[in-house]
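Notes follow once the structure below has been shown.
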Amino acid sequence: MARIHVKITDSRKDWTHKLTSRLVSENQVLAAKSLQVKNRVKNPCLAKAVSDVGWSEITRQLEYKANGYGRTFVQIDKFYPSSKRCSTCGHILESLTLDVRSWTCPECGAEHCRDANAAKNILSAGLAILAGADALRLHEKVPRGTRNHKPAELE
Ligand SMILES: [Zn+2]
């Protein structure tokens, strides 16, 4: 049993490293949301997925690999409403339960896959933070993101 467990841990580590290396090599800018992993793991629907992937480890690897390869890694505040916000028009839903995987914006009618929509929002918020768009941040009620790495050309 112990040997099988070591094997699973090793292949997961290997998979995580391959994923983060690929993401860093293929992208100049990487944006991620800081997740409250502890809270997420309390939710039975997400518990397995989040713990299996080791989200904080992925984030850690993205950060140091991005720094090592001269890429930009920006983290968005965990309270930014990336899932509830329509990436097309900016409308923010009152609520969006975790079981809803796709939704239609009541404002502009855009159809969203939950994860793809959230990813678009996180990327635009990350780019806005890198551009120093404080006004945009206020307008979109985006709390201050943390800037882990600032590219030389923006300093
Ligand atoms: Zn919309």
Q: Take peptides 95-102, 69-76 and line them up by average Cβ neighbours within 10 Å, highest first, as a rough protection proxy.
A: 69-76, 95-102
Q. Pairs 18/78; 33/65; 13/65; 13/84; 13/120; 33/120: which exceed 23 Å Cα-Cα?
A. 18/78; 13/84; 13/120
**Q.** Gained length - residue 115 relative to residue 21, 0.36 nm times residue gap less alpha-carbon distance
**A.** 31.7 nm
Q.
Using amide H atoms built in the peptide plane, which far-off residues or other-chain residues are under 5 Å from residue 31 H to H?
A. 74
Q) Quick one: how many Å² of residue 113 are accessible to a 1.4 Å probe, rounded to 10? A) 70 Å²
Q) Using θ = phi - 60° and the Karplus curve 6.51 cos²θ - 1.76 cosθ + 1.60, what whole-Hz ³J(HN,Hα) does each residue of the stretch 59-69 get, with Gly and Pro shown as x? A) 4, 4, 5, 4, 5, 6, 5, 4, 4, x, 9
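The values are calculated or read from the model by the stated rules, or taken from the named source; none is laboratory data. These numbers come from a predicted model, not from an experiment. Reconstructed Cβ throughout: ideal geometry from the backbone, glycine too, with neighbour counts over all protein chains shown. Only protein heavy atoms, including side chains, enter the accessible area calculation; ligands, DNA and RNA are left aside. Shrake-Rupley method; radii C 1.70, N 1.55, O 1.52, S 1.80 Å.
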